[in-house]
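Notes for the one structure printed next.
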Amino acid sequence: MKLSVGIIAAQPEWELLLRQIGVGFHSLNGADDPRAAEIPVWIAGAGTAPDTHESLRRFLEQGGALLLEAETARRLLGIPIRTISVGYFYGINDPSFGNLPVSDLNRRCRIGASSAHLQSQAGQGLIERREVGKGLAIILPSGLIGALQDRRVRRKNFPSPFGERLPSERVAAVSAEGIRRVVSRALALLFHARGLPFLQLWPFPDGAQGLFGFRIDTDFGNEAEVRALQQLCERFEIPATWFLETRSPGDWFRLYGEMPGQEIAYHCYRHRVLSDAAAGREDFRQGLARLAGIEVCPQGYAAPYGEWHPELNRVLEENGFVYSSEFSLGCDNLPFYPFLEERFSKVLQLPVHPISVGRLHWARHSEAGMVAYYLGVMEEKLQANEPVFFYHHPGQRRLEVFEHVFREVRRRNLAVRSLGDYARWWQRRSDFTWE
């Protein structure tokens, strides 16, 4: 028996999720595929053909484990479904899914009428766990997996009890990390129902139990601010990744080429949204020329204001970038390759936590409140076995906040990597082939 997943009618979103989660998977031609007998857990995609239904039902009745969405379950199992609006979902001591933080969805979904697991903002159950013969089916809301292709952006409040207001940032309207967590837990339940372990590739290099990285967007920072932040990073041996805004610095710009142990990446020439490929190419031409003048050839990129779009991705591919990091595509998630119209991007997306000290200041957090906020996020990420990536601007100063954060990183003995190092490691993880 292979400890992997079989997918019928695979969608790109399923492949994206399974590669993030790190579980082995195989695309099956149908339930009668010769490989199917060796695979204990199946996924029936939204396009599952009617001629596979009988063999799928037989698989379940004989003790199989199946993950599918509600509309497919209606056709396959005859369950009643209904349509609801889901602004967000969460889990509190759920008997099957445990605790899950609030995750935005912002769309209408079809759910099984007997759904009892996880909750919407209105307290409605969203996931149905159904025994079929000797087998188990977990039925997700229809539209949940397809939501990973939602490119809308919204201003989102982030929970914090440490200030007078909630900090906010413009980020992806759909919390892709929440969908990934749901699917990962559903797969674990299905493997365990078959008496098998749920095997995943570990999300950190070298067996580390946690990982920290520090992203710096240099927007209009002056020399003194940059040097002070550099010294703090060097003091705690933090290999930060500096995304350079290249137009405003004067002669001191050469400092960025003289930062041992730090990664230099590209942010922009002029700090503005790049609306199309032509604007992107011109910005990259000017900015990369200035970086070449200090003998820097960046592999990482972060778009101004976190605005990602497919045309920008094209420019990144043309310039050979390895990874980028944009709030509008995702935050607080594991890395992934965005799906374009017909293929996956060649540029890895590396999400970070999007709240800076500037946002916390505007939300009336004291410096002690800022420290408490970041340490709380760190704890939540580590409990979820996810990397901790914070970001900062030199011009926002408040180095005492990150001194406390760095001390906690060292106290916990976390692995510390630049974004580029982690991205290259994740590439190798993605290339792993399951037997």
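The values are calculated or read from the model by the stated rules, or taken from the named source; none is laboratory data. Note that this is a predicted model, so its numbers are computed, not measured. Don't worry about glycine lacking a Cβ; one is built from the backbone with ideal geometry, like all the others, and counts go over all protein chains shown.
Quick check on GLU326: is it closer than 25 Å to ARG152 by Cα, in contact (Cβ under 8 Å) with a residue 60 or more places away in the chain and under 13 Å from the mean Cα position of the chain (by Cα)?
Spelling it out, it is not the case that GLU326 is closer than 25 Å to ARG152 by Cα, in contact (Cβ under 8 Å) with a residue 60 or more places away in the chain and under 13 Å from the mean Cα position of the chain (by Cα).
Could you pull out the residue among GLY6, GLY24, GLY30 that is surrounded by fewer than 20 Cβ atoms within 10 Å (Cβ to Cβ), touching a Leu at 6+ places or on another chain (Cβ under 8 Å) and either more than 16 Å from ALA176 (Cα to Cα) or modelled with pLDDT of 85 or more (or both)?
GLY24
Counting only residues that are within 25 Å of ASP104 (Cα to Cα), give me the strands (runs of 3 or more DSSP E) lying completely in the stretch 1-91 with at least 2 of them. Explain how you work it out, then say what you get.
On the way: elements: 5-8, 25-28, 41-44, 65-69.
By residue number, 41-44, 65-69.
Looking at PRO40, PRO50, can you tell me which residue is in the same structural domain as SER142 (by TED's automatic domain parsing), surrounded by fewer than 15 Cβ atoms within 10 Å (Cβ to Cβ) and not aromatic (Phe, Trp, Tyr)?
Result of the check over PRO40, PRO50: PRO50.
Restricting to the stretch 224-244, give me the number of residues that are in a helix (DSSP H, G or I) and not hydrophobic (A, V, I, L, M, F, W, C).
We begin by selecting, within the stretch 224-244, every residue in a helix (DSSP H, G or I); these are 224-235.
Add one more test, that the residue is not hydrophobic (A, V, I, L, M, F, W, C), and what stays is 225, 227, 230-231, 234-235.
Count: 6.
Among all residue pairs at least 6 apart or on different chains, which show Cβ distances below 6 Å where the first residue, located in the stretch 346-370, is touching a residue at least 24 places away in the same chain (Cβ under 8 Å) and buried (at least 24 other Cβ atoms within 10 Å of the Cβ) and the second is of a type in the set (Gly, Ala, Ser) and assigned to a loop (DSSP other than H, G, I, E, B)?
Partner pairs satisfying both residue conditions: LEU350/SER325; VAL352/SER325.
Could you tell me which of the residues GLU164, GLU169, GLU177 is touching a residue at least 40 places away in the same chain (Cβ under 8 Å) and touching a His at 6+ places or on another chain (Cβ under 9 Å)?
Answer to the check: GLU164.
Modelled with pLDDT under 95 and under 26 Å from ARG151 (Cα atoms): does that describe GLY358?
On the way: modelled with pLDDT under 95: no; under 26 Å from ARG151 (Cα atoms): yes.
Spelling it out, it is not the case that GLY358 is modelled with pLDDT under 95 and under 26 Å from ARG151 (Cα atoms).
May I ask you to list pairs of residues, at least six apart or on different chains, whose Cβ atoms are under 9 Å apart, with the first in the stretch 1-19 being closer than 18 Å to PHE344 by Cβ and the second being in a loop (DSSP other than H, G, I, E, B) and aromatic (Phe, Trp, Tyr)?
LEU16/TYR337; ARG19/TYR337
Select from the stretch 118-145 the residues that are closer than 17 Å to VAL174 by Cβ, of a type in the set (S, T, N, Q) and out of contact with any Phe, Trp or Tyr (no Cβ under 7 Å at 6 or more places or on another chain) and list them in ascending order.
SER142
To keep it simple, each residue is scored yes or no on (1) in contact (Cβ under 8 Å) with a residue 40 or more places away in the chain; (2) in contact with a strand residue (DSSP E or B) (Cβ under 9 Å, 6 or more places away or on another chain); (3) charged (D, E, K, R).
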| position | (1), (2), (3) |
| --- | --- |
| PRO249 | no, no, no |
| PRO260 | no, no, no |
| GLU263 | yes, yes, yes |
| HIS271 | yes, yes, no |
| ALA279 | no, no, no |
| GLY287 | yes, yes, no |
| ASN313 | no, yes, no |
| CYS331 | yes, yes, no |
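Out of the residues in the stretch 264-279 meeting the condition of being of a type outside the set (A, V, I, L, M, F, W, C) and under 18 Å from PHE321 (Cβ atoms), tell me which one is surrounded by the most Cβ atoms within 10 Å (Cβ to Cβ). Walk me through it before giving the result.
Start the filter on the stretch 264-279 by keeping residues that are of a type outside the set (A, V, I, L, M, F, W, C), which leaves 266-267, 269-272, 275-276.
Subsequent filtering for residues that are under 18 Å from PHE321 (Cβ atoms) retains 266-267, 269, 276.
Numbers: TYR266: 28, HIS267: 21, TYR269: 23, ASP276: 12.
Filtering the stretch 264-279 for residues that are of a type outside the set (A, V, I, L, M, F, W, C) and under 18 Å from PHE321 (Cβ atoms), the one surrounded by the most Cβ atoms within 10 Å (Cβ to Cβ) comes out as TYR266.
Please state which of the following conditions ASN385 fails to meet, knowing it meets all the rest: (1) in contact with a helix residue (DSSP H, G or I) (Cβ under 9 Å, 6 or more places away or on another chain); (2) in a loop (DSSP other than H, G, I, E, B).
Condition (1) is where ASN385 drops out.
Would you say ALA188 is closer than 23 Å to VAL377 by Cβ, out of contact with any helix residue (DSSP H, G or I) (no Cβ under 8 Å at 6 or more places or on another chain), surrounded by 15 or more Cβ atoms within 10 Å (Cβ to Cβ) and outside the structural domain of PRO298 (by TED's automatic domain parsing)?
No, not satisfied.
Looking only at residues in the stretch 388-412 that are touching a residue at least 60 places away in the same chain (Cβ under 8 Å) and assigned to a loop (DSSP other than H, G, I, E, B), which one is nearest to GLY22 (Cα to Cα)?
ARG412
Which condition number does TYR266 fail, the rest of (1) part of a loop (DSSP other than H, G, I, E, B); (2) under 24 Å from the mean Cα position of the chain (by Cα); (3) closer than 17 Å to ASN313 by Cα being met?
(1)
Which of the residues spanning the stretch 184-217 are within 30 Å of TYR256 (Cβ to Cβ) and aliphatic (A, V, I, L, M)?
Selection gives ALA208, LEU211, ILE216.
Would the stretch 328-344 turn up any residue that is over 25 Å from PRO203 (Cβ atoms) and hydroxyl-bearing (Ser, Thr, Tyr)? Working first, answer last.
First, pick out the residues of the stretch 328-344 that are over 25 Å from PRO203 (Cβ atoms): 341-342.
With the extra rule that they be hydroxyl-bearing (Ser, Thr, Tyr), the set shrinks to none.
No, the stretch 328-344 contains no residue that is over 25 Å from PRO203 (Cβ atoms) and hydroxyl-bearing (Ser, Thr, Tyr).
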